[in-house]
1. Where only protein heavy atoms count, and the probe is 1.4 Å, what is the accessible area per residue for the range 145-201 in Å²?
2. Can you pull the percent of the range 295-406's accessible area that's carbon plus sulfur, 1.4 Å probe, other chains left in place?
3. Within 13 Å, Cβ to Cβ, of P282, how many net charges do the neighbouring residues add up to if Lys/Arg are +1 and Asp/Glu are -1?
4. Determine the sum of side-chain charges near S399: Lys and Arg each +1, Asp and Glu each -1, restricted to other residues whose C-beta is under 12 angstrom from that of S399.
5. What whole-number value in Å² describes the accessible area per residue of the range 482-595 for a 1.4 Å probe?
6. Using a 1.4 Å probe on the protein heavy atoms, what percent of the accessible area of the range 482-595 belongs to carbon and sulfur?
7. At a probe size of 1.4 Å, how large is the accessible area of I596, to the nearest 10 Å²?
8. If M567, M68 are ordered by their accessible area, calculated over protein heavy atoms with a 1.4 Å probe, which sequence runs from highest to lowest?
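The values are calculated or read from the model by the stated rules, or taken from the named source; none is laboratory data. Please read all numbers here as calculations on a predicted model, not as lab measurements. Here Cβ is always computed from backbone atoms with ideal geometry, including for glycine, and neighbour counts include all displayed protein chains. These area figures cover heavy atoms from the full protein model, side chains too; ligands, DNA and RNA do not enter into them. Shrake-Rupley method; radii C 1.70, N 1.55, O 1.52, S 1.80 Å.
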Amino acid sequence: MKKSVIFSVMLCWSAFVLGQGVKFTASADRAQVGKGEQFEVSFSLNANADKFAPPDFSGLEVLAGPNMSSSMTSVNGNTSMSIGYSYVLVATREGNYTIGAATAEVNGRRYSTQPLKIQVVNGRPTQQSRNARRDDEPEALNADLSKELFIRAVVDKSTVYQGEQLTLSYRLYTRIPLLNSEAGKIPDLNGFWSQEIASNGQNTQWRKEVYKGVAYNVADIKQSILFPEHSGKLVIDPLEMIFMVRQQTRPRDMMEEFFGSYKEARVIVKSAPVTITAKPLPEAGKPEGFSGAVGKFWIEASADKKALKTNEALNYKVKITGSGNLKLLKDLPIEFPEDFEKYDPKLTDKISESLAGVSGSRTYEYLLIPRHEGNFTIGPKSFSYFNPYENKYVTLPISPSPVKVNKGKDEGNVTALAGGQQDVKLLDKDIRYIKTGDTEPGKAGEGWYGSGLFYFLLSVGPIAIAAALLYRKWDERNNSDPVRVKSRLAGKLASKHLASAQARLAAGQQREFYDDLFKGLYGYLANKLNIPYAGLNRENIADSLNARAVDAKLVRSLQETLDLCEMARYSPVQGISPGEVFEKSKKIIADIEGSI
């Protein structure tokens with residue numbers, strides 16, 4: 001009985017001591033750093049925190065964090081636990097910085113750390129002793145995770161001409177095991193027209209690479225081809241991802257030395273911004289009629305007939321082959337004879353994207369109809385482009401196509417374009433001959449003149465005209481504003497993309513499913529908000545929806561879904577099924593339709 005009482009008293013005393021022994025400390029791996037040099041700030045708490053609030057890192061840029069870790073150790077029967085929060089920071093200016101106090105709540109009580117002072121000097125810092133870690137905090141063998149796990153934005157060239165293509169690869173480097181990953185912030189690539197390079201498969205392809213003398217496991221997580229839309233300094237924004245990693249720590253007792261000691265940490269990793277210098281195309285030597293083609297091209301033109309009759313169809317093709325901004329080419333400046341009726345060209349692209357750039361061909365097919373006989377010449381005289389490799393404009397001559405037009409049988413008949421076909425058919429004659437033969441005149445007072453049917457049919461015309469005028473006014477009022485028309489039809493267009501995505505999902509094509517779903521959401525927002533597709537980004541989508549008083553939760557849910565679809569095209573997504581993503585997207589579109 002006496003032993004039981006003593007044991008109870010000791011247990012209560014231990015609980016009291018543990019409750020009074022909450023320690024919340026802050027430390028930095030160095031007190032003096034060089035400008036542009038990375039350093040780590042850690043916060044350690046020997047209890048479970050209900051809430052944690054980081055300090056204000058004013059004047060310092062956060063490269064990664066918060067990286068959370070936890071550990072539990074037992075030494076000589078004494079068990080202790082520790083929770084850590086770490087940030088990787090960098091200073092871009094010299095001076096003395098004060099990192100304020102972090103706060104945490106434990107069992108309803110608020111705890112704070114002491115402020116830290118960091119001195120940033122120009123060049124390499126002087127050798128100073130680093131702050132010692134607490135004895136009960138597990139020390140990572142390599143605490144600077146930014147050297148073990150990072151993302152690089154790699155471009156094949158940093159100085160280009162406006163419209164010249166360059167390749168961008170977001171490359172992941174790691175030397176530690178990755179337990180899980182999720183999407184962070186996707187770069188907007190403002191100032192560029194971008195074309196994503198499709199990956200060969202859904203699985204990430206890993207390889208070995210030595211970077212700055214250190215071997216890493218490397219994977220390309222996103223690759224794109226960029227075309228600067230204007231000259232000047234253009235910044236490629238960072239790509240951000242969140243990883244769960246397993247990091248080895250230094251053992252503190254025999255058990256950990258035998259079995260090993262590890263901690264799991266949540267790491268936010270983002271690439272450094274990259275600046276591209278886009279030079280304007282030179283004005284000297286710019287050919288007349290230059291349409292903005294940049295790259296290296298060849299051109300050929302031909303007509304399918306050299307002789308035909310009036311009102312017959314003629315197909316004229318112009319094919320541009322090469323590598324460069326093929327998809328950004330404008331309509332060709334071709335002057336056709338005035339006696340030819342011309343229809344809008346049909347474009348046929350056979351273009352591929354790879355790390356070598358965009359290459360292939362674009363064909364313009366014109367449907368022409370000569371109205372009068374004679375001898376004519378068709379085709380442009382030349383095609384000009386700028387070659388960035390030789391820094392000069394190149395003009396390619398084009399051989400004209402002579403065409404002889406003979407008089408047709410029914411030159412006066414009306415022609416029309418057959419629906420959906422590239423051919424022309426003659427309509428039937430719209431004037432009938434006067435009927436001939438024996439006729440008998442009717443007697444006065446007989447027939448339907450003056451009858452009810454006569455007056456009814458007589459009134460049909462004015463009534464129909466009035467109805468047509470009313471309908472025309474209604475149609476003009478509802479369709480005069482193209483913005484309203486696009487917004488009204490946005491839901492129907494989005495339904496087509498969602499149907500395509502659902503078919504991909506049923507076929508088990510997850511990557512294509514997310515691609516169609518992303519295009520459906522972006523296309524819907526472009527039409528609904530009247531924003532050009534190429535100009536859509538997270539900021540202007542959120543600003544436009546907020547301006548229309550759309551619920552903030554709905555806007556955040558939309559942004560999360562867009563980020564999820566974007567990342568799912570490059571790496572598998574965990575925690576949510578494709579079916580749930582599809583239903584969530586349908587609900588988002590329905591809610592936006594109900595709000596706007």
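1. On the way: 2330 Å² over 57 residues.
Accessible surface, normalised per residue, equals 41 Å².
2. Details: 2720 of 5890 Å².
Of all accessible area on the range 295-406, carbon and sulfur atoms account for 46 percent.
3. On the way: positive: K279, K286, K392; negative: E164, E283, E390.
Around P282, the surrounding residues sum to 0.
4. Working: positive: K381; negative: E300.
In short, 0.
5. Details: 5630 Å² over 114 residues.
On a per-residue basis, the range 482-595 sits at 49 Å².
6. Numbers: 2980 of 5630 Å².
Roughly 53 percent, rounded to a whole number.
7. Approximately 70 Å² of I596 is accessible to the 1.4 Å probe.
8. Working: M567 15, M68 80 Å².
Sorted descending by solvent-accessible area, the residues read M68, M567.
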